[in-house]
């Protein structure tokens, strides 16, 4: 299973904003952005010439880091989105949002997407009564997600629900019984991903 192993705080600093890759730590003064609000590296405080290509590239990199996936898989999502009817950029975000690891995070069952990915890989969640351990598994409307009975991760999952202020309107969560349901496909205004997806489409369309 391919995944990014780059330091999480450096990824946020490179994009110049909090991507909340480390869960609760991102809300404290220990957050890398709070301590060093400039890009990492020897020339982090130097001037960077802003070009159209660089702007588009940064949006793509930001989206990849936000969802924790690598280039090959991200490109695959784009190609699937471009074949769907509708707006390609919005289709792309819907594919990313409906990944199992992202839905686990959006339901409040994990403090970060990295933790959600680990929970899924270790088989702590079931979809429609069947154990699924593939983080990229695509959920559909009416799919029901629940913690596997007797899971050793229950304490960590319940700790994560305590940090959850709200759940996306396209999802339904029961934090007492640790179950959730996908009500429908998310609309663009319901996706709070801090990217301009049209710039990603423009980059791949070249």
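The values are calculated or read from the model by the stated rules, or taken from the named source; none is laboratory data. What you see is a predicted model, and the numbers here were worked out from it, not measured in a lab. When we count neighbours, we look across all protein chains shown, and the Cβ atoms used for this are built from the backbone with ideal geometry, even at glycine.
Any residue in region 123-150 that is outside the structural domain of residue 173 (by TED's automatic domain parsing) sitting within a Cβ distance under 8 Å of a residue that is assigned to a loop (DSSP other than H, G, I, E, B)? List the pairs, counting only those 6 or more apart or interchain.
Close Cβ pairs (under 8 Å, with a partner that is assigned to a loop (DSSP other than H, G, I, E, B)) do not exist here.
Those residues that are outside any helix (DSSP H, G or I) and either surrounded by fewer than 18 Cβ atoms within 10 Å (Cβ to Cβ) or on the phi > 0 side of the Ramachandran plot (or both), I need them from region 62-85; list them, please. Walk me through how you get there before you give the answer.
Step one: list which residues in region 62-85 are outside any helix (DSSP H, G or I), which gives 68-70, 84-85.
Scanning region 62-85 gives 68, 70, 84, 85.
Looking at the structure I just gave you, is residue 205 surrounded by fewer than 14 Cβ atoms within 10 Å (Cβ to Cβ), closer than 10 Å to residue 107 by Cα, free of Cβ contacts under 8 Å to residues at least 24 places away in the same chain and outside the structural domain of residue 59 (by TED's automatic domain parsing)? Explain how you work it out, then say what you get.
Working: surrounded by fewer than 14 Cβ atoms within 10 Å (Cβ to Cβ): yes; closer than 10 Å to residue 107 by Cα: no; free of Cβ contacts under 8 Å to residues at least 24 places away in the same chain: yes; outside the structural domain of residue 59 (by TED's automatic domain parsing): yes.
Criteria not met by residue 205.
Can you name the number of the only condition in (1) closer than 17 Å to residue 173 by Cα; (2) touching a residue at least 12 places away in the same chain (Cβ under 8 Å) that residue 90 fails?
The number of the failed condition is (1).
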